[in-house]
Every structure is written in structure tokens, then in C-alpha cells.
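I have placed the structure first, in the form of C-alpha cells, so that the comments after it can refer back to it.
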Amino acid sequence: MDTPIEVLRRVFGYDSFRAGQQEIIEHVVSGGDALVLMPTGGGKSLCYQIPALVRPGVGVVVSPLIALMQDQVDALTALGVRAGFLNSTQEFDERQRVEAAFLAGELDLLYLAPERLRVDSTLRLLAKGEISLFAIDEAHCVSSWGHDFRPDYLALSELHERWPEVPRIALTATATPATHAEISSRLGLEQARHFVASFDRPNIHYRISSKNEPKRQLLEFLRTEHPGEAGIVYCLSRSSVDKIADFLVDNGIAAVPYHAGLDARTRAAHQARFLREDGMIVVATIAFGMGIDKPDVRFVAHLDLPKSVEGYYQETGRAGRDGLPATAWLAYGLQDVVQHRRLAMEGDEAHRRRQVLHLDAMLALCETVACRRVMLLDYFGQQRSEPCGNCDTCQSPPESWDGTVAAQKVLSTVLRLARERRQKFGVGQIVDILLGKKTAKVLQFGHESLTVFGVGTELTNTEWHGVARQLLAQGLLAVESDYGALVLTDASADVLRGERQVRLRRDAQRPARAKSSGGA
Ligand code: ADP
Ligand code: ZN
């Protein structure tokens, strides 16, 4: 029988293990259960692939990444590993062929979509073969509090009851302490050994800027910092993906769109170009990226706010897998907060609570004046005392200022509109009132006669938007309707009464040259 290091060298062609791999592999090879928390790019796959090759029988890998199974199997086949998969996208013939190979003991690894395990015939099939281990990939999918819950994962707890002697290894790249605990209890892995690697990705530079003119800001970021380099640009909607991809191409930058609205062939072709061509940018919704293994992604840019810190961490984690410097760049603005607060009002009570917690954590990361990395790691339960020196807040510490009076002005405008006029308006109108602008809409509603009209000329339009964004982020203002109408919250009253101070972060000034460069 080969030892793990021999398999690493002979089959995978690598010289040595990465941090943590050897211990995990030896533990599983000897029949132990494991729960592995390791960041993206850390090398989780080998942690179950090598034990599956060393132990007798077939390693069964449960993975939600159905779209990637073919690629994973092809890559393993190219290395001489006998692998197959079963999922719902398959033709009957193909499935039969894989099942026959499994029964004949001709497979080293079998990838399964989780829903396959709810089908009796799959369980009967597995019962007839010899299983070396169960690997549960993307194990955070079992957590209902996480960001990517898949009900099919709940059934995985039964594996242990049916096959008590088969070792299980669950793996994830994103888990807060709460998610970690939930994975452990839901999968019955309390007795398993837990391997928790550092989630720090020191080569990734984190930067979060306020969004004024997203296209222009993106273009400037790409041209000044990553010309000709490969990267991913994430947008929230399919239509903005298409628009941004066109915009980049129009500006002479090689980019392709990727989202679920494109047909499968186009998606596959764009993914292949991203993987194979140098310096290609993919503009995508979050449908893109899970399991994509491209080492030289030099940046991940977000043009819209991710829904959660877990999502942000996972998406940005696709940059710099090769260990070389990479940038995680996010532009976020008032509209993001408005939109997310609105999305967070959908669904049932539990869903709403979860969304709000996720959003608040994400906003806190955006608005912090402290080191982003310290905050990110803290979110995942990993303390780090020193600021990192490789994030925007470390490199140019943002000033904070006493925004109590500014906050009071915004809040009292909202209050007066509600009390005196029984009206609700969005941020734009509130700011116009504070600046004393006699726009058509101001005159139409007679807002020039409000006592707050024109009381806010000490700040610019952009600065007022920044104030409103931060008040929303801090829960001192809320969005009520689809139109972004602002309303007060319980906490607003304390500020209005002068019982609560408001600290605000001064947004970085726009570079001077941006002003003449035309609206992008
Ligand atoms: P994860 O699933 O944790 O994101 P992967 O298993 O996809 O990471 O591994 C990331 C990359 O690192 C892959 O290209 C993989 O081949 C490579 N890799 C993993 N372990 C080693 C190793 N010991 N030596 C060299 N490269 C490795
Ligand atoms: Zn830092």
C-alpha cells in the first residue's frame, strides 16, 4: 500500500504537503472522522482524495457543485485516478455505466449530488459496494444560519448510522463559530477531530470604497492596478453583468459575462476562456466561481454589496490562490444599503432575522475604521491582535468625525416630513431639502417652507449621501418601501434627543482628476 506522501508525489505530482494536509490525511487514512475548516485554495480536495486512494474501496464525495463534477472527474481521470459522478444532469446510460463501475470496484472516487442520497436506489447501490470514506464538501450547506443552506444536506447525518465504520470528513472554507458548531452537531461530528486552519489570506489586499461612479471607478481600478490581469467582477443582477461586460469591452478590456440567464454553452465557453486565456476578466453574478480553480486571479471586484461576510470572504478568496499579491476591491454605496435592507424584509420571520444579521455584519465591515482583516478574522472566530498593514484602513486610516449634528439634521427632516406633511421620501429629496435646492420636486411639494430647508449647506451632496448611508448602516434610519422611502427607527429618537452621539467615517475624497474625466 502506498503512503500518503507517495500518492501525493506519484499521482498528483507535488513534492510536499501544504500546512495541515498531512495530519488530516493521516487521521482519515487511519479511520478517524474529521471536520476541516480551511480557506479557499488551502488544498482541501487532497485531504479526501489521497485517503480515498490509500484506503481500500471507493471514496464517496458529496458535493452540491453539480456543474463542476464533470470537470473534477476529467481532471482526476487525466491524473490516472478512476473517478465518476452521479447527478440529475446525467443520461440513464451514463448513470448505469458509473454504477456498474462502482459495483465492480473500478472506481477510486464517486462524486454524488446530495439529493442522490435521498433516492433509495442510491443507498441500495452504495450498500452493495465497498466504501473507503465519505467526504462532505461545502459542509456549511448543512447550516440553516449560514449563507448557503441546502436542505438535502440534513440527510447526510444518516450516513453515519448506515455506515458506522466508514470514516467521514466534512470540509468547508467558510464557517463562523456558530456555523462550525452547527455543522458539527447536524452531521454528528462532535466526536470527530476538528482541524481549523487560519482563515487569513495574507496576500489579499482588502479595500472597500464608497461608490460614486461605479463604472469609472472600476475602470480606473483596472487600469491603474491590474492592467492586462485576470480577475472577477461581481455584480448583483444579470442585467448589470451584461452592461459592465459591454462597458469593459468598449473600453478595450478583455471581458466576458457569466450568469444563469446565458445558455449553458455560452457559459461553458466563457468559463473556458477565463480559465485558459491570459488576462481575461469575467463579469459575473455569484453563480460563477464556486470550485473554479484558477491560481492567478489577481483581483476580485465587487460592484454591489455581497449579502453576507461569508459570501464576501468566499468570493474574494478566489483571488490570489497562487499566494502572490492580489486585490479584493469593493465599491458600495447608499443604494446598496437601501436595496439590501429591502431584500432583508422578504420571506418568513426566521429568514428576515438571518438576512438582517448577515447584512449588519457586512455593513460593519464596510464602515469600520479599524483593520479589515482583523475584523474579517474576528468574524470567523479567529483573533488577531496586530493590524495587518495590507488593507485600506491600515494603509490610510479613515478619519472619523462627530456626525451627531449632521445625523440630527437628516433625522429631523424625515421626522418633519412625517409629522407635518404625512409624507415619506427617499434620500435624494431629503438631501435636496437640506441643501436648500429649489428643484421641481421640492417646489411641487412646497418643501422650501420647511424649517429644515437649507440648513445643511456645510456638506456636499455626496457627503450627505454618505451620512445617510452610514445612518442606514448603523440602524439609525430604515427603508420602508420599494421606492426607498426613509423612516425613523427606535434608535433614531435617542439621537434626536441628543442622548446618543453618532460617529461617522469620513469617506475618501474622490481623486481630483476624476472630475474632468466625464461620467462613466
Ligand atoms: P480548496 O478546495 O481548499 O479551495 P483545492 O483543493 O482546490 O483547494 O486546492 C487549491 C490548489 O492548490 C489546487 O490547484 C491544488 O492542486 C493545489 N494544491 C493542493 N495541495 C497542494 C500541495 N500539497 N502542493 C502543491 N499544490 C497543491
Ligand atoms: Zn489591515
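Bear in mind these aren't lab numbers, they're just calculated from the coordinates by the rules spelled out. All of these numbers come straight from a predicted model, not from anything done at the bench. Note that we place each Cβ from the backbone using ideal geometry, even for glycine, and neighbour counts take in every protein chain shown.
For the chain, I need the span (max minus min coordinate) of the C-alpha atoms along each principal axis, in Å, sorted largest to smallest.
84, 47, 47
For the chain, what does -39500 (n - 2.57) per DSSP helix run (n ≥ 4), summed and divided by total residues, give at 222 nm, in deg cm²/dmol to the nearest 500?
Details: 21 runs with 213 residues, N = 520.
Calculated from helices alone, the mean residue ellipticity at 222 nm is -12000 deg cm²/dmol.
Of the listed peptides 75-82, 215-222, what is their order by residue-averaged count of other C-beta atoms within 10 Å, with the highest listed first?
So the order, starting with the most tightly packed, is 215-222, 75-82.
Once the piece of chain linking S30 and D2 is laid out straight, how much longer is it, given 0.36 nm per residue of separation minus the C-alpha distance between them?
Result for the pair: 8.7 nm of gain on full extension.
Going by a ≥ b ≥ c, the root eigenvalues of the Cα gyration tensor, does segment 107-220 fall in the rounded group (a/c under 1.5), the prolate group (a/b larger than b/c) or the oblate group?
Since a/c reaches 1.5 and a/b is larger than b/c, the shape of segment 107-220 is classed as prolate.
For an R0 of 60 angstrom, estimate the FRET efficiency from the Cβ-Cβ distance between N212 and E190 and round to the nearest 0.05.
Values: r = 49 Å, r/R0 = 0.82.
For R0 = 60 Å, the calculated efficiency reads 0.75.
Report ³J(HN,Hα) in whole Hz for each residue of segment 451-468, in order, from the Karplus equation J = 6.51 cos²θ - 1.76 cosθ + 1.60 where θ = phi - 60°; Gly and Pro get x.
5, 7, 4, x, 8, x, 6, 6, 10, 7, 3, 4, 5, 5, 4, x, 4, 4
When the chain is fully extended, how far beyond the present Cα-Cα distance does L496 get from T404, taking 0.36 nm per residue of separation?
32.2 nm is the gain from fully extending L496 to T404.
Over what distance in Å are the Cα centres of segment 247-275 and segment 1-33 separated?
Distance between centres, Cα-based: 37 Å.
Roughly what angle does helix 334-343 make with the longest principal axis of the chain, taking Cα atoms, 0 to 90 degrees, to the nearest 10?
60 degrees
Please report the antiparallel percentage of DSSP beta bridges with both residues in the chain, rounded to the nearest 5.
10 percent
Can you list the HN-Hα couplings for segment 273-289, worked out from phi with the Karplus curve (6.51, -1.76, 1.60; θ = phi - 60°), rounded to whole Hz and with x for Gly and Pro?
3J(HN,Hα) across segment 273-289, in whole Hz: 5, 4, 6, 9, 7, 6, x, 8, 9, 10, 9, 8, 7, 5, 4, 9, x.
What is the angle, in °, between the Cα long axis of helix 92-103 and the longest principal axis of the Cα atoms in the chain? Nearest 10 is fine, range 0 to 90.
60 degrees
How far is helix 349-367 tilted off the main Cα axis of the chain, in degrees rounded to 10, range 0 to 90?
70 degrees
Taking a 21 Å limit on the Cα-Cα distance, which of the listed pairs K215/K243; K44/K307; K215/K441; K215/K438; K211/K307; K215/K437 fall beyond it?
Check vs 21 Å cut-off fails for K44/K307; K215/K441; K215/K438; K215/K437.
Using the beta-carbon distance between D200 and L154 and R0 = 35 Å, what value does 1/(1 + (r/R0)^6) give for FRET efficiency, to the nearest 0.05?
Efficiency at R0 = 35 Å is approximately 0.65.
Using a simple spin-label model with points 7 Å from Cα along the Cα→Cβ vector, what separation in nm is obtained for W145 and D15?
4.4 nm
Once you have the Cα-Cα distance between L103 and A75, take 0.36 nm times their residue separation minus that, and quote the gain in nm to one decimal.
Values: separation 28, 0.36 × 28 = 10.08 nm, distance 2.24 nm.
Result for the pair: 7.8 nm of gain on full extension.
Which order do Y14, Y379 fall in if you start with the one that has the fewest other Cβ atoms within 10 Å? Working shown, then result.
Numbers: Y14 13, Y379 20.
Ordered from fewest to most neighbouring Cβ atoms within 10 Å, Y14, Y379 come out as Y14, Y379.
Quick one: Karplus J couplings for segment 316-325, per residue in order, coefficients 6.51, -1.76, 1.60, θ = phi - 60°, nearest Hz, x for Gly and Pro?
Per-residue couplings from phi come out as 5, x, 6, 8, x, 5, 7, x, 7, x Hz.
At 7 Å along the Cα-to-beta-carbon direction for both R162 and T457, put a label point, then send me their distance in nm to one decimal.
7.5 nm
Need one number: nm distance between label points at A127 and D93, each 7 Å from Cα along Cα→Cβ, rounded to one decimal.
3.1 nm
Taking all pairs of different Cα atoms in segment 169-272, averaging 1/r and flipping that mean, what Kirkwood radius in angstroms comes out?
17.5 Å
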